[in-house]
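The values are calculated or read from the model by the stated rules, or taken from the named source; none is laboratory data. Just so you know, these numbers come straight off a predicted model, no measurement behind them. Heads up, the Cβs are rebuilt from the backbone with ideal geometry, glycines too, and the neighbour counts pull from every protein chain shown.
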Amino acid sequence: MATTSFTETELDEIFVFAIQLGKDAGKLLLEAAQLRFNGNGQSTQDFVEKDSAVDIVTKTDEDVEEFIKTSISLKYPDHAFVGEESYSKGSSRAYLIDDAAPTWCVDPLDGTVNYTHLFPMFCVSIAFVVGGKPTIGVIYAPFLNQLFTACRGRGAWLNETQRLPLIRNPIPPMPKNAPGGCVFSCEWGKDRKDRPDGNLYRKVESFLNMAAEVGGREGKGGMVHGVRSLGSATMDLAYTAMGAFDIWWEGGCWEWDVAAGIAILQEAGGLVTTANPPESPLTAKIEEVKVGSRLYLAIRPAGPSEAESGREGQERTVREVWRRVRELDYTRPGA
């Protein structure tokens, strides 16, 4: 089913519903967090480990997902639903979003580790996927009072009033020496296996390549302006759409971590492709990311320069990142 299966009025109504749902769910997150610092005697947040000690779930995750799922089923009973917590309890890791049915893809609490430590980079992420494409995205970080929203063809917004990216008229081009001059965002991830050629070591090598001085690391030194790790893939994408991050590179996420962020970033004018470098990074075709691929490279919205279009600058940056990063091994176990 394509976006055209919905009238403009219907899509507007779904967008309004998704925004309000994000606000309501975010309020639940904030209320649960406030219970811990308002003197009710509850100083810690109980959690249960899933696949590892850094892959955890709290009762708040489950309660907020149930609230979102119930709200959607009452309003749109014919729509499909994929949520992190209900998915995690299933036996299969198959990709459940197809082209046949409009699907809500939800992470009720992205940045659960942040939330348990009251680090403010946590949020609710709600995406509406049509024809396999993220069409509506809502990300709400209640501790920061930051609401990111987008609907295809209607722009991407911060707090419903400020169009993304924040710096506009003109939107800055990508730096001539990118990744030099860029802020590079990345995450350590949940795969912490101490294997010399495992994902953790490949990530660290890639981080060093991006950060090292120009000419260092056998010519792979990228000398980025800075390296940032928020602990939330969803927030990484939102900040890339905002233009605060120039580059985001990550493997190991799931579709609920990225679907809303992809909708917002693409509507803002950003580019999202695969994290893994092809055999010929300087000449390979740059294709749109597959939402369920678990491998993501995002570039912020970019304007033209005297020498190239905004898209050409983004693609040049993609190729320069590919030259410096290692291939990551993230599959869908049990699929």
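The table below gives the values:
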{"quantity": "A150 vs. criteria within 23 Å of G189 (Cα to Cα), modelled with pLDDT of 95 or more and assigned to a strand (DSSP E or B)", "calculated": "no"}
{"quantity": "Boolean, K290 is free of Cβ contacts under 8 Å to residues at least 24 places away in the same chain and over 14 Å from the mean Cα position of the chain (by Cα)", "calculated": "no"}
{"quantity": "Residues located in the range 105-115, provided they are farther than 19 Å from K27 by Cβ and either among the charged types (D, E, K, R) or buried (at least 19 other Cβ atoms within 10 Å of the Cβ) (or both)", "calculated": "C105"}
{"quantity": "Wholly enclosed helices (runs of 4 or more DSSP H) of the range 228-335 bearing at least 1 residues closer than 23 Å to L109 by Cα", "calculated": "233-242, 255-268"}
{"quantity": "Residue in the range 81-95 that is at pLDDT below 90, under 18 Å from the mean Cα position of the chain (by Cα), in a loop (DSSP other than H, G, I, E, B) and at negative phi present", "calculated": "yes"}
{"quantity": "The lone exception for N169 - which of (1) under 18 Å from the mean Cα position of the chain (by Cα); (2) free of Cβ contacts under 8 Å to residues at least 12 places away in the same chain it fails", "calculated": "(1)"}
{"quantity": "Given (1) modelled with pLDDT of 70 or more; (2) outside any strand (DSSP E or B), index of the condition Q42 fails", "calculated": "(1)"}
{"quantity": "Qualifying residue in the range 121-128 (condition: modelled with pLDDT of 95 or more, surrounded by fewer than 19 Cβ atoms within 10 Å (Cβ to Cβ) and under 30 Å from R323 (Cβ atoms))", "calculated": "no"}
